[in-house]
Structures are given as structure tokens and as C-alpha cells.
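Below is one structure, written out as C-alpha cells; the observations come after it.
The values are calculated or read from the model by the stated rules, or taken from the named source; none is laboratory data. What you see is a predicted model, and the numbers here were worked out from it, not measured in a lab. Note: ideal-geometry Cβ built from the backbone for every residue, glycine included; neighbour counts use all protein chains shown. Note: areas computed on protein heavy atoms with side chains; ligands, DNA, RNA excluded. Shrake-Rupley method; radii C 1.70, N 1.55, O 1.52, S 1.80 Å.
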Amino acid sequence: MPDICLCLTAETMAQNNALFRQYRSHVDMVELRVDLLDASEQENLRADPKAGVSDFHGVDSILTVRREVDGGHWKGSETDRIALLKRMLSAGFTHIDIEADLPGLPDRLGIVQSARAAGITVIASRHCMDSVPADLDTELQRLSAIGDCAKIAARPTGIADFRRLLHAARAHAEPHVVLGMGSYGVASRIMGHAFGNLFTFSSAADVQQAASGHIAPDVLQTLFAHGKTGSVTRYFAVAGDPVAHSKSPEYHNRRFRADGLNALYVPFRVDDFDEFMELARELPLSGISVTVPHKESAARAAATVNEGVTATRACNTLIREPDGAYRGVNTDIEGFLSCIRDRLSTFRGATVLGAGGAARAAVYALASGGVPVLVCNRTLSRAQTLVAELGAILRDQGQSAPLSAAALPGDGTELGVYGDLIVQTSSVGMHPDLEGDPIPAYRFGGTETVYDIIYTPPMTPILKRAEQAGCATVNGSGMFDAQADAQYRLFRTVLP
Ligand code: NAP
């Protein structure tokens, strides 16, 4: 299991020492980012290098003076930086980070030799702030030839880049740390064991992050089980875009931990779902939660599907079968119904806003329960297609609740019996459209039940407006919990 390294990014050593004390029980190493210290603190270190590690007893410590080109804040000359690094070799750090990407760095090899002579582990690093370099394998070999540990931190711009980082890390037999920066790289910080990484970097919550995508050490250790087990036996994931808001990692990891299971659940920002499925097969992922906007792609990617997926053409759960193929299940239908099942017979009709994957689950659940549904969507043709397709499936199943399609309701729209229940399934009101309301001009009469299936934030603008008008409201938390519980029960079936 990779160690957790806390990056100390404060402007003073007193603040850094306080951060270290705060997180001491969660970290195995620290990295002192000297470039982030203010000028007078850097001067103090020059005068008394040992002050740089005096408080870090019992843990390994990395000395780093990061250049601006590598995402650091060092403003001085290269000569001064090298001189400072050399001066601090006697301070007692166990590791030193030396950027090795610029050939001809003055006296670089001198530092490497002096560091080694002092028993310090040399991390030879390369940082690519905007992309993932093409020559990863060669680069890792070059870095390993320079230092004791090769480190590449690069920014994936999609899941294909993430895969390339994983392939290169797995192919490199020498000690290494390969990390993806930014939102597409987050999973590499959590599942460092899959990369064969020696350690993973983290930053304290609410302070300047050393690099984008860092996770706080206590979250890494407790939620993502770093340091708790020798190795992870099974990986699970949520795939979506956006995915940072998802409660699924917290939900499933807590349940794995509570049940004493050696499994890890990881969030993936996914731009290309087919590419992600290649990654899923390679890792492999034992189970996948699928969220916006990939549920229809997941339904196509599954080798076999259950009735709910066939009906909705949307799949929010993929389970890896023993032969490596993925089975698709829709637990949104069950989750959606759980919050209104008791009241279903009281609704003479329902309006569903949206015509995506979640809308299909809601319409199927309502119509199967005998409730006539009006589907309203920004793109009317998509609502019409949904109604035609689901209507045919429901008729085949012997269900006769009428379905119809319309544009989103506006000022003066009368929904009649379809106003008994208004279900909001569009992504409006969720990050990044937190202020959005899909039907801003529609006036609530106060008798409607308004059910917004968004759960982050718990109170969306449309729910606020409905509540102010006196409507009964339901948010997406109950649906989330019920569909996640159903998903967890499926995940358990593939765990030993
Ligand atoms: P999806 O397939 O991507 O569909 C998104 C829908 O939102 C489409 O109908 C789209 O209309 C509509 N939309 C997007 N932007 C809009 C805008 N600016 N104005 C009006 N309509 C807009 O997504 P999904 O899988 O159905 O999920 C939708 C939402 O449900 C997400 O917020 C998701 O988090 C939530 N959800 C919650 C749970 C839960 O457990 N509580 C479960 C599943 C989903 P067009 O067709 O015109 O593009």
C-alpha cells in the first residue's frame, strides 16, 4: 500500500509544523515545499537548515524547491535554488526531489551525488502541467537512471491519458510514483497500489493545495483505506462527468469498511465511456456505478442486461461476471420508487421534466405503477422518442398507462392531473448549474408534489420555489440511498 505523504504548503515553518501535528496520525511522510515559504523563512532555513526538519521526527521527509515551470513558486535564480538545495542536504531530510527534465541543469549531478553520499533518497521528477507526455516509458527509464525513485506528475486531459499513465506505471519495474494531476487524475492518487506507486501526495484541507487533485490525508486513510490493508483485492468505481459531487465513493467505501471487506471504490471523471470500459477490463473493476452522462453508453457496453435496462435503455450499475463480461442492471427504478411508493395510487398523473437516463427510469417506474405520465424536455424530439419507445415496451408488458410528450411548461401552462406529481430529472440545479431552474416561468399552484431527484445540493432552486408556493417536496437523497443500497447488494455478490 503506498505511503501517504503530506505536502507542507504554508508560508511559515510554524504553520507547517502545526499542519504536521494535525495530520500526524494519518501520514507516513511529509514533503516540505520550501518554494512556498515566504522569503524570510527561506532565509532562516539557509541560516539553520536543520530547522527545516526539526519537528518531523519519526517520518520520512522530502526536500523540494519547486520551480514555476513545474507548478511551484520559486522566484529566484536557478543558481540560488541549487545552492539552497545543496545547503540543505545536511538538514536531515530522508529524500530530495530533483527535477530532471531540463538537461544541463547546473550542478544537478553534483547534488545527486552529494545527496546519495549523505544517505538521502533521490526522487528524480518530471512535471507536465498541461498534458501527458508521449514518451512515458522512456522518460521513466531516464528518471530511474538519475535517481532512486522516478516520479512523473502529468495532467491527463481525458480517460485515455489516464490509461497511458497506468500502462507506463505498471510496465516500469523500478521504484516510482506516477500521478495524474487535475480532475481526470484523481483516481491515480487514490489507487496508487494499482500503479505500483511508492507513495501518494496529499494536502491538508482548507490550505493551498500542492497540486490540483490532492486529497486530504485523513480522507485518504479512512475513506480510501490507505495504509489499512496490505493490498486491495477488488476495485469498484463510479464513472461520470461531473463526478466530484458524487456521494457514491463515501457511501460504498463506508459500507465496505463496515463489512470488513478489502475493496476500494474510486471516482473517475470519464469523457469517453468506451475508453473507460477498456480501463475497467484492464484494472479490472469488479463493479461500476454509472452516472451522468454515461448511462445510455453503459447500457450499450453491457454484455447482458436486466429488464429495467432494456426498458429504460439506461444502466447505472455494471457487474463483472466471472468470464470478465459486464452485466448491466438499473437500480434507479427501485431507488426512484422508494420515496413515493406509498403515495403512488394518489397521483392521477405525473409530469416528468427531462428525457435522459434518469427520466426513463422515472417514467418506467410511474407508468408500470399505473400513473399516466407527461414527459417534458428542452429537446422535444427526445421526449417524443422516449414516449414512443417506452410506450411500446409497456404495451408489450401489458401496461396501459398513457404517455405523452410536450415542451417544458412555462408561464400559464396548466398541467391538470399531470400536476399532481412533478418529477425533476434534468441536470439543471446541479453543479455547475446550481442557480438553474428548468421551468423558471412555471407557477406552482401549491397542490403539486414536487420531486427533484438531484441530491447535491439537497435544496435546488425549483424545490425552493415549490416549497415557497406550499407544495409538498421530495429531494433526491432518499432515491440516492435506495439505489445505492441496491447497488451495494449487487457489489456484494461479486466479492468473496
Ligand atoms: P442525462 O441523461 O444527461 O439527461 C439530462 C437531461 O437534462 C436531459 O433531458 C437534458 O435535456 C436536460 N437538460 C440538461 N441541461 C438542461 C438545461 N439547461 N435546460 C433544460 N434541460 C436540460 O442525465 P440523467 O442520467 O438523466 O441524470 C439527470 C439528473 O438526475 C442528474 O442531475 C443526476 O445527478 C440525477 N440523478 C439522481 C439520482 C439519485 O439517486 N438521486 C439518480 C440518477 C440521476 P436535453 O435532452 O434537451 O439535452
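Some notes on this structure:
- For the chain, calculated [θ]222 nm from helices alone, where every DSSP H run of n ≥ 4 adds -39500 (n - 2.57): -10000 deg cm²/dmol
- Contour minus Cα-Cα distance for ALA388 and THR79 (0.36 nm per residue): 104.1 nm
- Segment ARG489-VAL69, extension gain: residue separation times 0.36 nm, minus the distance between their alpha carbons: 146.4 nm
- Additional length obtainable on full extension of the chain from ALA469 to ARG142, 0.36 nm per residue less Cα span: 111.1 nm
- Amide H contacts under 5 Å for SER61: VAL30, THR94, HIS95, restricted to partners 5 or more places along the chain or on a different chain, H placed in the peptide plane at 1.01 Å from N.
- The chain - charge dipole about Cα centre, Lys and Arg +1 at Cβ, Asp and Glu -1, debye rounded to 20: 780 debye
- Cα-based reach from LYS464 at 18 Å (exclusive), listing aspartates and glutamates while leaving out same-chain residues under 8 positions away: ASP411, ASP420, ASP433, GLU435, ASP437, GLU448, ASP452
- Amide H to amide H, with H built 1.01 Å from N, PHE444 comes under 5 Å of no residue 5 or more places away or on another chain.
- For the pair ALA51 and ASP274, label points projected 7 Å from Cα toward Cβ lie 6.0 nm apart.
- Rounded if a/c under 1.5, otherwise prolate or oblate - the chain, Cα gyration tensor axes: prolate
- Centroid-to-centroid separation of the range 439-473 and the range 187-205 [C-alpha atoms, Å]: 41 Å
- Rounded to the nearest 10 Å², the accessible area of HIS431 at probe 1.4 Å: 100 Å²
- If you sort the three axes of the alpha carbon gyration tensor as a ≥ b ≥ c, you get a/c of 1.5 or more for the range 3-229 and a/b no higher than b/c, which makes it oblate.
- Nearest-0.05 FRET efficiency for ARG254 and SER400, computed from C-beta distance (R0 51 Å): 0.75
- Beta bridge orientation in the chain: antiparallel %, DSSP, nearest 5: 10 percent
- Bridging of LYS50 to lysines at a Cα separation below 16 Å is possible for LYS86, once same-chain residues fewer than 8 apart are set aside.
- Sorting the segments 350-360, 144-154 by their residues' average number of neighbouring beta-carbon atoms within 10 angstrom, most packed first, yields 350-360, 144-154.
- Straight-distance candidates among the aspartates and glutamates for linking to LYS151, with alpha-carbon spacing under 15 Å and chain neighbours fewer than 8 residues away dropped: ASP3, GLU31, ASP70, ASP97, GLU99, ASP101, ASP135, ASP137, GLU139, GLU174.
- Farthest towards the positive end of the charge dipole of the range 3-229, among the residues ILE62, ASN197, PRO49, is the Cα of ASN197, using unit charges on the Cβ of Lys, Arg, Asp and Glu.
- The range 390-418 and the range 38-99 have Cα centres lying 66 Å from one another.
- With the biggest extent put first, the Cα atoms of the range 340-475 measure 40, 29, 28 Å across the principal axes.
- Highest average first, the peptides 76-84, 171-179 ordered by how many other beta carbon atoms sit within 10 Å of their residues are 171-179, 76-84.
- Placed amide H near SER125: partners under 5 Å, 5+ positions off or other chain: ILE98, GLU99, ALA100, LYS151
- Surface share of carbon and sulfur [accessible, 1.4 angstrom probe, percent] for the range 359-496: 52 percent
- Per residue accessible area in Å² of the chain, where ligands, DNA and RNA are left out and the probe is 1.4 Å: 39 Å²
- A simple charge model with +1 on the Cβ of Lys and Arg, -1 on the Cβ of Asp and Glu and nothing else charged puts the dipole of the range 340-475 at about 220 debye relative to its Cα centre.
- Cα gyration tensor shape of the range 185-293, rounded if a/c is under 1.5, else prolate or oblate by comparing a/b with b/c: rounded
- Dipole axis of the chain (+1 Lys, Arg; -1 Asp, Glu on Cβ), positive-most option in LEU6, ALA145, PHE480: PHE480
- Karplus-based coupling profile of the range 237-244, in residue order and whole Hz: 8, 10, 10, x, 7, x, 9, 4, with θ = phi - 60° in 6.51 cos²θ - 1.76 cosθ + 1.60 and x standing for Gly or Pro.
- Spatial separation of Cα centroids for the range 248-263 and the range 286-335, in angstrom: 21 Å
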